[in-house]
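This report refers to the structure that appears directly beneath it.
The values are calculated or read from the model by the stated rules, or taken from the named source; none is laboratory data. Worth saying up front: this structure is predicted, and the values here are computed from it rather than measured. So basically every Cβ, Gly included, is an ideal-geometry build from the backbone, and we count neighbours across all protein chains shown. Just the protein is used for accessible areas: all its heavy atoms, side chains included, with ligands, DNA and RNA removed. Shrake-Rupley method; radii C 1.70, N 1.55, O 1.52, S 1.80 Å.
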Amino acid sequence: MALKRIGDVLLQEKVVTQAQLNEALKHKEKDERLGETLVRLNIANEMQILKALENSTGVQRLSLANYTIDEHVLTLVDENFCRRNVIIPLRIEGAKILFATHDPLDFAVIEELRMITGYRPKAYSAPKNDILTQIEKYYGFTRTLEALGVKQNIMSEEMIVEDDELDDTPMVKLVNQILTSAVFQRASDIHIDPMDDKVLVRYRVDGVLDVVREFPNKILNQMISRIKVMSGMDITETRVPQDGRIQTLIQQKNIDLRISTLPTVRGEKVVMRILDLSGTMNKIDAIGLDPKEEKMVRDMIAKPNGIVLVSGPTGSGKTTTLYACLHELNQPNVNIVTVEDPVEIKMPGVNQVQVHPDVDLTFARALRSILRQDPNIIMIGEIRDVETAEISIRASLTGHLVLSTIHTNDSIKTITRLLDMEIEPFLIASSLSGVVSQRLVRRLCTECSYEDQPNEIESEMFQKHHMDVDHVMRAKGCPSCNYKGYAGRVGIFEVLPISKTMQKLIAENVGLDVLEAQAKKDGMKTILESGLEKVKAGTTTLEEVLKVASE
């Protein structure tokens with residue numbers, strides 16, 4: 001079979017015309033690939049070329065942003081070879097070596113890779129810049145470890161530490177690379193866990209905690225000291241927990257890191273919460289609400305006064321929902337003031353206040369001052385105490401729309417939580433406009449999920465909630481989702497609008513069962529029912545929903 005050339009493929013897939021191809025060949029520089037020439041001359045873009053190659057050759061495109069490379073494979077292929085040919089090895093599968101390239105038709109490189117490694121190459125395609133970023137990220141880690149005197153042994157998966165004195169500069173690089181790698185993989189938290197014989201570095205991505213690196217425990221103290229220096233902690237104090245903060249620029253993103261240390265019997269454990277300050281805001285129609293729930297939320301925030309609360313555990317996307325509401329309300333004719341800890345996304349046209357407990361600028365104190373700033377809309381990061389709750393209710397009763405979050409398990413329990421704070425029932429009834437309770441579930445990978453018949457448990461669950469389903473989608477795993485079967489997360493919601501009847505019941509301080517029955521009459525779907533609809537739509541799986549929701 002004749003080998004295909006990229007020009008023939010692009011002509012066949014109608015990405016370029018013969019005239020455009022001739023022009024590109026005429027202007028092609030020495031050592032430049034034809035695809036690079038087409039991109040440089042703006043005749044085609046890189047994604048069009050990769051898609052054409054995928055259609056013609058069957059070489060699958062890969063999202064390297066979601067991919068974790070098996071670093072043992074890096075020892076088989078020299079960094080200079082990777083840079084010269086713009087490829088990066090991914091992992092070994094049996095007798096095959098998987099690798100990413102921006103030119104899957106370069107058979108000379110494929111043959112050379114086979115000769116170097118002794119494995120049969122299997123190509124995936126990816127944009128050139130993505131590959132170069134990964135080369136810098138992964139091979140950079142290897143160089144840093146070598147500078148620290150740490151060698152990786154491919155045969156035993158052990159790390160050998162030489163006795164040379166560790167140098168400051170490589171440790172600075174190592175910590176920076178851990179942070180950069182976490183941001184690149186869209187991690188929400190970094191865990192540094194001391195073990196008896198090693199240090200584990202784990203990233204929480206899409207709510208799941210995975211080990212990404214192992215280091216010898218010899219470098220633990222120096223690593224912790226570097227993090228403490230960066231976050232302004234006392235490096236001499238190792239016996240008590242400490243908190244700190246780092247604001248930095250990683251991959252052109254403003255990142256805020258909240259650092260927490262905890263003394264354990266094996267050494268200090270560190271957890272770093274990553275907040276992307278340059279994050280983009282979702283609109284209300286993009287956070288995962290169904291049309292009926294979306295209308296309920298819009299009706300709540302359209303009122304000129306009252307309190308709208310978003311509830312759920314830590315990391316369930318409450319702040320994202322609040323920002324989506326503020327995005328909708330942000331108009332030149334209204335004065336919006338927020339009190340947050342921290343200010344996660346800077347919004348043009350909104351007055352955002354950062355809480356500073358060290359100077360006694362708490363939520364409650366900031367809120368009292370805000371009320372003298374003639375606001376129309378107030379957003380409070382979290383109602384943590386009775387004082388903040390009381391001031392929020394007073395603000396809503398004096399003509400302000402108040403948005404906030406609260407830690408409760410569901411919408412109805414938000415009402416009982418306010419009652420537990422000794423807020424009078426009639427005040428809750430007259431001020432509360434609605435509650436949105438939410439969770440996050442992992443979204444199925446669109447590249448590899450497959451259709452299947454519902455099993456017995458799934459059929460029973462759907463029947464119990466009066467829903468018909470003829471098929472469900474299952475997670476499989478592919479290179480695009482790093483073999484996890486899931487990529488990204490989506491919200492499931494329980495939206496409780498406070499109707500006139502509900503107001504009356506709250507004022508009468510009735511029991512939880514009566515409130516739940518009325519909420520369902522008013523059209524509220526539980527989080528579990530909302531999750532089942534996402535399963536039916538093929539967005540997620542029942543296993544994911546049951547992790548965060550129960551009967």
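Among the helices (runs of 4 or more DSSP H) contained in the stretch 1-75, which hold 1 or more residues that are more than 17 Å from Pro127 (Cβ to Cβ) and in contact with a helix residue (DSSP H, G or I) (Cβ under 7 Å, 6 or more places away or on another chain)?
Answer list for the stretch 1-75: 6-12, 18-27, 46-57.
Checking Thr540 against (1) at pLDDT below 90; (2) at negative phi; (3) part of a loop (DSSP other than H, G, I, E, B), which test does it fail?
Of everything listed in (1) at pLDDT below 90; (2) at negative phi; (3) part of a loop (DSSP other than H, G, I, E, B), Thr540 misses just condition (1).
Can you pull out the residues in the stretch 291-314 that are surrounded by 15 or more Cβ atoms within 10 Å (Cβ to Cβ) and in a loop (DSSP other than H, G, I, E, B)?
Asn305, Gly312
Would you please name the residue that is farthest from Ile527 (Cα to Cα), looking only at residues in the stretch 448-470 that are touching a residue at least 40 places away in the same chain (Cβ under 8 Å), of a type outside the set (A, V, I, L, M) and part of a loop (DSSP other than H, G, I, E, B)?
Checking each candidate, the answer is Ser449.
Residue pairs, Cβ under 8 Å, 6 or more apart or interchain, first in the stretch 123-142 and at pLDDT below 85 and open to solvent by less than 20 Å² (accessible area, probe 1.4 Å), second among the polar types (S, T, N, Q) and assigned to a helix (DSSP H, G or I). List them.
Once the first residue is at pLDDT below 85 and open to solvent by less than 20 Å² (accessible area, probe 1.4 Å) and sits in the stretch 123-142, its partners that are among the polar types (S, T, N, Q) and assigned to a helix (DSSP H, G or I) give Gly140/Gln177; Phe141/Gln177; Phe141/Ser181.
Name the pairs whose Cβ atoms lie under 8 Å apart, with the first residue in the stretch 215-239 and among the basic types (Lys, Arg), the second open to solvent by 60 Å² or more (accessible area, probe 1.4 Å), and 6 or more positions between them or separate chains?
Pairs that qualify, where the first residue is among the basic types (Lys, Arg) and the partner is open to solvent by 60 Å² or more (accessible area, probe 1.4 Å), are Lys228/Asp234; Lys228/Ile235.
Please work out which residue is modelled with the lowest pLDDT, limiting yourself to the stretch 73-84 and to residues that are of a type outside the set (D, E, K, R) and open to solvent by 20 Å² or more (accessible area, probe 1.4 Å).
This residue is Thr75.
Considering only the stretch 91-118, how many residues are open to solvent by 50 Å² or more (accessible area, probe 1.4 Å) and not in a strand (DSSP E or B)?
10
So, Val343, is that one among the aliphatic types (A, V, I, L, M) and free of Cβ contacts under 8 Å to residues at least 24 places away in the same chain or not?
no
Would you tally the residues in the stretch 285-309 being under 23 Å from the mean Cα position of the chain (by Cα) and more than 11 Å from Val436 (Cα to Cα)?
Total meeting the criteria: 5.
Can you pull out every residue in the stretch 212-228 that is modelled with pLDDT of 90 or more and among the β-branched types (Val, Ile, Thr)?
Passing the criteria: Ile224, Ile227.
Among the candidates Arg384, Arg372, single out the residue that is open to solvent by 20 Å² or more (accessible area, probe 1.4 Å), within 30 Å of Leu209 (Cα to Cα), without any contact (Cβ under 8 Å) to a residue 60 or more places away in the chain and part of a loop (DSSP other than H, G, I, E, B).
Answer to the selection: Arg384.
Take the residues in the stretch 409-440 that are open to solvent by 20 Å² or more (accessible area, probe 1.4 Å) and either among the aromatic types (Phe, Trp, Tyr) or touching a Lys or Arg at 6+ places or on another chain (Cβ under 9 Å) (or both); name whichever of them is nearest to Leu397 (Cα to Cα).
Filtering the stretch 409-440 for residues that are open to solvent by 20 Å² or more (accessible area, probe 1.4 Å) and either among the aromatic types (Phe, Trp, Tyr) or touching a Lys or Arg at 6+ places or on another chain (Cβ under 9 Å) (or both), the one nearest to Leu397 (Cα to Cα) comes out as Leu427.
Is it the case that the stretch 340-360 has a residue that's of a type outside the set (A, V, I, L, M, F, W, C), surrounded by fewer than 21 Cβ atoms within 10 Å (Cβ to Cβ), at pLDDT below 90 and assigned to a helix (DSSP H, G or I)?
yes
Based on this model, can you work out whether Asn282 counts as open to solvent by 50 Å² or more (accessible area, probe 1.4 Å), within 30 Å of Asn330 (Cβ to Cβ) and not in a strand (DSSP E or B)?
Taking the combined requirement at face value, the residue satisfies it.
Which one is surrounded by the most Cβ atoms within 10 Å (Cβ to Cβ) among residues in the stretch 15-36 that are closer than 17 Å to Val86 by Cβ and acidic (Asp, Glu)?
Among those that are closer than 17 Å to Val86 by Cβ and acidic (Asp, Glu), it is Glu36.
I'd like to know if the stretch 240-251 contains one or more residues that are closer than 23 Å to Thr133 by Cβ, in contact (Cβ under 8 Å) with a residue 40 or more places away in the chain and surrounded by 17 or more Cβ atoms within 10 Å (Cβ to Cβ).
Yes, there is a match, as at least one residue in the stretch 240-251 is closer than 23 Å to Thr133 by Cβ, in contact (Cβ under 8 Å) with a residue 40 or more places away in the chain and surrounded by 17 or more Cβ atoms within 10 Å (Cβ to Cβ).
I need the full set of residues from the stretch 518-537 which are part of a helix (DSSP H, G or I), open to solvent by less than 50 Å² (accessible area, probe 1.4 Å) and either in contact (Cβ under 8 Å) with a residue 24 or more places away in the chain or farther than 13 Å from Ser411 by Cβ (or both), in order please.
Of everything in the stretch 518-537, those that are part of a helix (DSSP H, G or I), open to solvent by less than 50 Å² (accessible area, probe 1.4 Å) and either in contact (Cβ under 8 Å) with a residue 24 or more places away in the chain or farther than 13 Å from Ser411 by Cβ (or both) turn out to be Ala519, Ile527, Leu528, Glu529, Ser530, Gly531, Leu532, Lys534, Val535.
Anything in the stretch 184-211 that is at pLDDT below 85 and either touching a helix residue (DSSP H, G or I) at 6+ places or on another chain (Cβ under 7 Å) or closer than 22 Å to Asp243 by Cα (or both)? List them, or say none.
Passing the criteria: only Phe184.
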